[in-house]
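Worksheet: one structure, shown below.
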Amino acid sequence: MSVERIFDELGHFKRFQACLYFAAVFQAVACGIHYLASVFLVETPNFVCSVPGNITDILYGNLTVSSLEDILPVFKSGTGPLVVRTSEGEQWELSRCRCALRIDPKGFTYDFDGNKTVKACVGNFVYDRSEVQQSIVTDWDLVCEKEWLAKLCQPTFMLGVLIGALLFGDIADRVGRVRILMITSLCQFGLGVAVAFSGNYYFFVVLRFLLAMVSSGYLVVVFVYVTEFTGIKVRTWTSMHVHAAFAVGIMVVALTGYLVRVWWIYQIILSICTSPFLFFCWKFPETPFYLMAKGRYKDTQTLLDAIARFNGLECRLKAEDLLEPEERENGRALLEKEAEERPSQIEKKLSILDLFGSWRMAGRTCTVWAIWFIGSLGYYVFSLGSVNLGGNQYINLFLAGAVELPSYLVGCFAMDRIGRKKTCAPALLLAGVACMLIIVVPADIEALAIALCMTGKFAIAIAFGLIYLYTCELYPTIIRSLAVGSGSMMCRVGSVVAPFCVYLADVWVYLPQLIVGILAFIIGVLTLLLPETLGKPLTTTLEEAEALGRKKQDGLEMNQHDVKA
């Protein structure tokens, strides 16, 4: 089918496509919101173990106060305990996860050499509410021995992202893009609000897991939807800038987190940010590619007339004109005949192993998978870890989203002018260098560390944005979907690993940057070994497809026009 003729006749990105594009991308903002919302949902404020009884006096170094709430903003774990005295005359030494009762103290002093009775705190904590009034950590005491439960929230969310991408991507091919866009949008709103009213931690995690699935489902399908409604002249730009909507979602999270310090109110506000989309998404048309693939020619003609009318054009194009000449002459009988003539066993034989059919193809596949992985890993490490850089965490996260917007503009211009490989490799190398420089920056120069982090995020966003298109162009037609699908799987693996990588900052504050920096630099060098695609997808002839089905050594080689690495 030559469905691309639609855009030559009716415009590659005129009013009809522009309205659909910006409306669909508007809801993609919600995906960025929910992906990064946990940064403040599970924020752990400063806290200390409490004791029974009324506290009358508190000592902390040279400070003397009468309330735990007054001392917590300056209390630092690991620098010594808080010494408190109760109205009953008991003296306690308080730290984050345990308390010690002094036995027969002689006076009320900070230092004590006598005997103590030490015990762990069990559900008896006091939190610093000057910055965070309520989070799920403070509501459900997810600290000390329960700290791992708070840290598990983001990895389980990312696991839902992985499953949702697999599930809804397949369903969209069966029932249509529009139905999935509507269902996932409605579920994002409903589940997002439901999370705010989850009564306990386990309901919270389950609802967030389901929310992750539908958010991922929308993000996967909207990429397909916008590319099937825009012409090839603008497709690079439109596909890249879906990521920009995701970045806007990150900025919304930072702004809302700054203004709202109660987690359930914060969650409700984030969930209703894109709710206006629900009022008009039901008017979205199905894509012409899907309609033609399903043989719905009358619906296709209706859509063509609507596009032409909205764009102020006269529609001389008929649905049957979108079929190849042979298809128009022989109709569906010829299509069925061609399907019988083509070796159907080829599709059955194709598997993930076909991406490794030769040494050359295996090296290419491993490199592409590595780019997908480090792109996702670096993206989320820079985003989630930005709040730990020092300075104002809300400004840091806002900048982590804002810096992506120019990165996609630069990426698009660079891809058109110097090529995919020469854009991807330097971007990864720059991200690696930025990570290494963060490590050597003196701890007291927070502004420089933040600037380097934003530089790394800028660079990794370029590589992460272009790898979708680059993978499509690197592989021949017969295994292109397999390559993109497997690469997307590696991307989801990277997103699941990213939160655990961020938590390594507890071991050493720069360990996440060290890991991302080393991997980005190595993979950037390997990217230089990939071929340039010149912006054109590779094709596969029938003979090559048959060879691929027989698993011959040359079955996975590129066609005669493939550019050598």
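Simple spin-label estimate for ARG15 and LYS294 gives 2.8 nm between the two label positions (7 Å along the Cα-to-Cβ direction from each Cα). The string of couplings for segment 291-302 from the Karplus curve (6.51, -1.76, 1.60, θ = phi - 60°) is 4, 5, 5, 8, x, 8, 6, 5, 5, 4, 5, 4 Hz, one whole number per residue in order, with x for Gly and Pro. With all protein chains in place and ligands, DNA and RNA left out, the 1.4 Å accessible area ranks LEU528, LEU384 as LEU528, LEU384, largest first. Remark: for residue pairs LYS422/LYS457; LYS233/LYS294; LYS233/LYS298; LYS76/LYS457; LYS14/LYS298, the C-alpha separation exceeds 21 Å in LYS233/LYS294; LYS233/LYS298; LYS76/LYS457; LYS14/LYS298. Extension gain, GLU147 to TRP282, is 44.3 nm, computed as 0.36 nm per intervening residue step minus the present C-alpha separation. For the chain, the Cβ-based charge dipole about the Cα centre amounts to some 500 debye (Lys, Arg positive; Asp, Glu negative; other atoms uncharged). Per the Cα gyration tensor, segment 376-428 maps to an equivalent ellipsoid with semi-axes of 27, 12, 7 Å, ordered largest to smallest.
Fully extending the segment from PHE22 to LEU511, taken as 0.36 nm per residue of separation minus the present Cα-Cα distance, adds 172.1 nm.
Rounded, prolate or oblate: which one fits segment 184-265, using the alpha carbon gyration tensor with axes a ≥ b ≥ c (rounded when a/c is under 1.5, else prolate when a/b beats b/c, else oblate)?
oblate
Of the listed residues LEU167, LEU20, the order by accessible area with a 1.4 Å probe, largest first, is LEU167, LEU20. What is the chain by shape, rounded, prolate or oblate, if you read a ≥ b ≥ c off the alpha carbon gyration tensor as root eigenvalues and call it rounded for a/c under 1.5, prolate for a/b larger than b/c, and oblate otherwise? Judged from the Cα gyration tensor, the chain comes out prolate (a/c at least 1.5, a/b above b/c). Note on LYS294: accessible area approximately 100 square angstrom, rounded to 10, probe 1.4 Å, nucleic acids and ligands left out.
Placing dummy labels 7 Å off each Cα toward the beta-carbon, the span from ASN311 to ASP416 is 1.9 nm. Could you tell me the calculated FRET efficiency between ILE171 and ILE232, based on Cβ-Cβ distance and R0 = 25 angstrom, to the nearest 0.05? Result of the calculation: an efficiency of 0.40. Over segment 47-130, what is the relative contact order in percent, taking alpha-carbon pairs closer than 8 angstrom and at least six residues apart? Here the relative contact order equals 34 percent. Accessible surface comparison of TYR258, TYR408, probe 1.4 Å, protein chains only, largest first: the order is TYR258, TYR408. Per-peptide packing, taken as the mean over residues of other Cβ atoms within 10 Å, places 385-397, 298-310, 65-77 in the sequence 385-397, 298-310, 65-77 from highest down. Once C-alpha pairs closer than 8 Å and six or more residues apart are averaged by separation and normalised to the residue number of segment 76-125, the relative contact order reads 27 percent.
Rolled with a 1.4 Å probe across the full set of protein chains, the surface gives LYS116 an accessible area near 90 Å². The relative contact order of the chain comes to 16 percent, based on Cα pairs under 8 Å that sit 6 or more residues apart.
The Cα center of segment 102-127 and the Cα center of segment 426-491 differ in position by 50 Å.
The figure for ILE522 is an accessible area of roughly 90 square angstrom, using a 1.4 Å probe on the protein chains alone.
The values are calculated or read from the model by the stated rules, or taken from the named source; none is laboratory data. This structure is a prediction, so every number in the text was calculated from the model and none was measured. Ideal geometry is used to build each Cβ from the backbone, glycine not excepted, and the neighbour counts take in all protein chains shown. The area values use the complete protein model at the heavy-atom level, side chains included, leaving out ligands, DNA and RNA. Shrake-Rupley method; radii C 1.70, N 1.55, O 1.52, S 1.80 Å.
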